1. Could you give me the residue pairs with C-beta distances under 7 Å whose first residue belongs to segment 199-210 and is open to solvent by 100 Å² or more (accessible area, probe 1.4 Å), whose second residue is assigned to a loop (DSSP other than H, G, I, E, B) wherever it lies, and which are 6+ apart or on separate chains?
2. Restricted to segment 123-159, and to residues that are part of a strand (DSSP E or B) and of a type in the set (Ser, Thr, Tyr), which residue is farthest from Pro79 (Cα to Cα)?
3. Please work out if Thr355 is surrounded by 17 or more Cβ atoms within 10 Å (Cβ to Cβ), part of a helix (DSSP H, G or I), out of contact with any Ser or Thr (no Cβ under 8 Å at 6 or more places or on another chain) and not hydrophobic (A, V, I, L, M, F, W, C).
4. Identify the single condition in (1) over 34 Å from the mean Cα position of the chain (by Cα); (2) closer than 22 Å to Gly347 by Cα that Gly221 does not satisfy, given that it satisfies every other one.
5. Kindly list the number of the only condition in (1) in contact (Cβ under 8 Å) with a residue 24 or more places away in the chain; (2) open to solvent by 70 Å² or more (accessible area, probe 1.4 Å) that fails for Ala372.
6. Suppose the filter is in contact (Cβ under 8 Å) with a residue 40 or more places away in the chain and either farther than 30 Å from Ala170 by Cβ or open to solvent by 70 Å² or more (accessible area, probe 1.4 Å) (or both); does Ile59 pass it?
7. So how many residues does segment 67-89 have that are open to solvent by 70 Å² or more (accessible area, probe 1.4 Å) and either among the basic types (Lys, Arg) or in contact with a strand residue (DSSP E or B) (Cβ under 7 Å, 6 or more places away or on another chain) (or both)?
Amino acid sequence: MTTVIAFIFMFGLLVFVHEWGHLIFAKRAGMLAREFAIGFGPKVFSFTRNETLYTIRLIPAGGYVRVAGEDPEIIELKPGHHIGIEFNENNKIDKIIVNNKDKHPHARVIEVERVDLDHELIIEGYELDDEDTKLTFQVDEKAFFIMDERETQIAPYNRQFASKSPGQRAMQLFAGPMMNFLLAIFIFIILGIVQGTQVEEARMGEIIEDSPADEAGFVTGDEVVRIDDTPISTWEEFTSIIRENPSTELQMTVLRDSQEEQIVVIPNEVESVNEVGEPIQIGQLGVYPAYEKSVIGTITNGFERTFDTTKLILTNLMMLVTGQVSIELLSGPVGIYDATDQIVQTGFWNFLLWTAMLSVNLGVINLVPLPALDGGRLLFVGIELLRGKPVPPEKEGLFHFVGFVFLMLLMLVVTWNDIQRLFL
């Protein structure tokens with residue numbers, strides 16, 4: 001149950017922050033954000049506020065912000081349609097009843113001759129009992145369609161995604177991944193405040209009981225300055241040599257209370273995997289790095305760890321694209337849940353670290369220029385800037401549709417791999 005709660009919290013936080021970025025910048029640009037959704041599929045919970053429908057949906061596989069103009073409008077009026085109309089105090093149409101007009105006895109029923117709800121905001125037509133007098137009605141910019149007794153706000157062109165400048169559209173698309181990076185920075189800063197930031201030197205923090213480091217006589221605060229004949233100045237240099245020398249006797253020169261001491265240690269041999277997923281044996285001492293607390297160091301560490309995590313994810317992504325890493329190593333929701341289960345058992349702070357890393361991963365993946373992702377849509381904004389005109393909507397829509405189908409197939413493959421790893 002703890003893992004389920006942790007996973008729901010983590011998933012909800014990552015998706016909420018991502019989609020909130022899209023929502024905020026859509027509203028700042030004057031776009032009509034029709035829906036803010038966490039999850040896909042049937043609605044579990046919903047409410048409407050400030051023109052936007054907020055929903056939680058059944059399938060925890062992402063989320064979305066539906067902005068007017070990104071997809072074809074839901075309801076389209078054409079000449080010959082019979083509709084009911086109701087007016088506000090300014091004598092403008094504020095309700096357009098598409099069907100079930102008998103449930104609105106105060107509505108005027110007209111036959112539509114011409115309608116423009118994008119620019120002019122007018123409806124022209126005739127009352128059914130007077131087909132000789134054409135009437136012209138002004139439509140309020142926040143009027144609603146009513147179909148099957150459900151209200152949908154109209155979207156004049158100036159409220160649609162396509163009406164905004166390339167810069168505004170690009171910012172609205174980039175805002176989701178940007179918020180994921182900012183969340184990761186914030187979490188890393190919180191971890192730095194609580195735990196401190198790792199020192200650059202190869203200085204010992206916690207020593208695991210009965211580990212090779214403990215048995216060799218290491219104590220907290222020891223700083224390794226040399227291994228055999230190799231000078232050591234950073235923790236990365238230290239751990240690199242340890243990993244490369246399992247079950248090998250190493251002589252280390254250690255600074256303890258400003259005095260040099262010699263310690264001989266033999267790293268344990270443990271199983272791991274290399275960058276391409278192949279099993280390998282590595283060395284392990286059983287020691288954690290030392291940490292220190294400082295305001296500037298904590299803030300700097302938040303940005304540095306986010307940058308390092310981004311670089312690692314991009315490196316692995318390139319290895320996947322070039323075939324150096326098998327697709328079988330990818331994980332979907334099932335694999336992430338399993339990893340979350342293992343990490344939750346190691347403590348709350350490790351769970352927060354895991355959340356920060358997944359937030360960076362979500363930001364990076366969404367910026368990849370693939371169809372249906374934010375990066376793919378940003379690609380079309382870039383093409384528009386180069387061409388001086390937008391790509392035809394039907395071509396862009398086809399590109400994203402095909403890409404979405406491909407991503408869903410990839411999700412099925414990845415989920416199947418996750419299940420096999422769990423049960424086979």
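The values are calculated or read from the model by the stated rules, or taken from the named source; none is laboratory data. None of these values were measured; they are calculated from a predicted model. Backbone-built Cβ (ideal geometry, glycine too); neighbour counts: all protein chains shown. Remember, those area values only see protein heavy atoms, side chains included, never the ligands or the DNA or RNA. Shrake-Rupley method; radii C 1.70, N 1.55, O 1.52, S 1.80 Å.
1. Hits for this filter: Glu200/Thr234; Glu206/Thr220.
2. The extreme case among them is Thr152.
3. So Thr355 fits the description; yes.
4. (2)
5. (2)
6. So Ile59 fails the test.
7. Residues meeting the conditions: 5.
Residue-wise test of (1) farther than 19 Å from Tyr337 by Cβ; (2) in contact with a helix residue (DSSP H, G or I) (Cβ under 8 Å, 6 or more places away or on another chain); (3) in a strand (DSSP E or B); (4) not basic (Lys, Arg).
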residue	(1), (2), (3), (4)
Ala6	no, yes, no, yes
Gly12	no, no, no, yes
Trp20	yes, yes, no, yes
Phe36	yes, yes, yes, yes
Leu58	no, no, yes, yes
